[in-house]
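The values are calculated or read from the model by the stated rules, or taken from the named source; none is laboratory data. Because the structure is a prediction, the values reported are computed rather than measured. Please note: Cβ atoms are built from the backbone with ideal geometry, for glycine as well, and neighbour counts cover all protein chains shown. All accessible areas refer to the heavy atoms of the entire protein, side chains included, with ligands and DNA or RNA removed. Shrake-Rupley method; radii C 1.70, N 1.55, O 1.52, S 1.80 Å.
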Amino acid sequence: MEATELLREQVKQVHHYVEEIMSDVTPQQAHWHPSGMVVNSLGGNYAHNIVAEDLVINAILKGGAPLFASSWAGKTGMSTLPPLPTPETPGLPSWQEWSTQVDIDLNALRSYAQATYAATEEYLASLSDEQLHQTVDLSGIGLGIPTVQWILSGVIVGHAYSHAGEIACLKGLQGIQGYIH
């Protein structure tokens, strides 16, 4: 199995996994925050995961505009976009405050997620194993100069699994089953 084939399979699996966990979430559950804690809401975690994937694939790796700023502008299901990294603010911004204020339309966000997943899978289908070894300068956001392979494996696949765990935990804290089998 080639590395690109393995990454494509991992990305498909994590997309399916995230969507399975989100499949029974209601709008009320998506906006809920545990008392006494400053954490992303369940919906905020889901949105963060999708926006990050869109930004990484479509802007950073493909060099174009992310879907949320182009074909999906105003249709993402988020009342406001989360804070994004800028040259003026080095590092990654905190999304906790945004997560407590954003209004999320789950159906629209799920549609935006499907479009993001399709763009990711299309990009992955165009990659060769040799292209996985190219480097990308992410030092402006504190991630150094990683390879495309590291970005896809860590920032897309690993990041999505991490947030899927947070979403499942936030479901469990609300008394509903976190992981769906």
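How much length, in nm to one decimal, is gained on full extension between residue 161 and residue 130, taken as 0.36 nm per residue of separation minus their Cα-Cα distance?
Fully extending the segment from residue 161 to residue 130 adds 8.6 nm.
Go from 0 up to the bin containing the longest alpha carbon distance in the chain, width 5 Å each, and give me the % of pairs per bin.
1, 8, 17, 21, 21, 16, 10, 5, 1, 0
Quantify, in whole percent, the carbon and sulfur part of the accessible surface of the chain (1.4 Å probe; protein heavy atoms only).
After summing per-atom areas, the C and S share lands at 54 percent.
Stick to the Cα atoms of the stretch 4-47, pair each with every other, and give me the Kirkwood hydrodynamic radius in Å at one decimal.
The Cα-based Kirkwood calculation yields 12.1 Å.
Averaged per residue, what accessible surface does the chain expose to a 1.4 Å probe, in Å²?
49
Does anyone have the angle between helix 3-22 and the longest principal axis of the chain? Alpha-carbon axes, 0 to 90°, nearest 10?
Long axis of 3-22 versus the principal axis of the chain: about 10 degrees.
If you place +1 on the Cβ of every Lys and Arg, -1 on the Cβ of every Asp and Glu, and leave all else neutral, what size is the dipole of the stretch 29-173 about its Cα centre, to the nearest 20 Debye?
280
For the chain, set up a GNM with springs between Cα atoms under 10 Å and report which of 163, 33, 133 has the largest fluctuation.
Evaluated over the chain, the most mobile residue of the options is 133.
Give me the extension gain from residue 28 to residue 176: residue separation times 0.36 nm, minus the current Cα-Cα distance, reported in nm with one decimal.
Answer, rounded to one decimal: 52.0 nm.
Could you identify which residue out of 45, 58, 107 has the top mean-square fluctuation in a GNM of the chain using Cα springs shorter than 10 Å?
107
May I ask for the angle, rounded to the nearest 10°, between helix 159-173 and the longest principal axis of the chain, with both axes built from Cα atoms and the value confined to 0 to 90°?
In the chain, helix 159-173 runs at an angle near 10 degrees to the longest axis.
Rounding to the nearest 10 and keeping the result within 0 to 90°, find how far the Cα-based axis of helix 42-54 lies from the longest principal axis of the chain.
Around 20 degrees separate the two axes.
Picking from 14, 164, 60, whose Cα lies most toward the positive end of the charge dipole for the chain (charges on Cβ: Lys, Arg +1; Asp, Glu -1)?
Toward the positive end, the furthest listed residue is 164.
At 0.36 nm per residue, and after removing the present C-alpha to C-alpha distance, how many nm does the segment from residue 169 to residue 110 gain when stretched out fully?
19.3 nm
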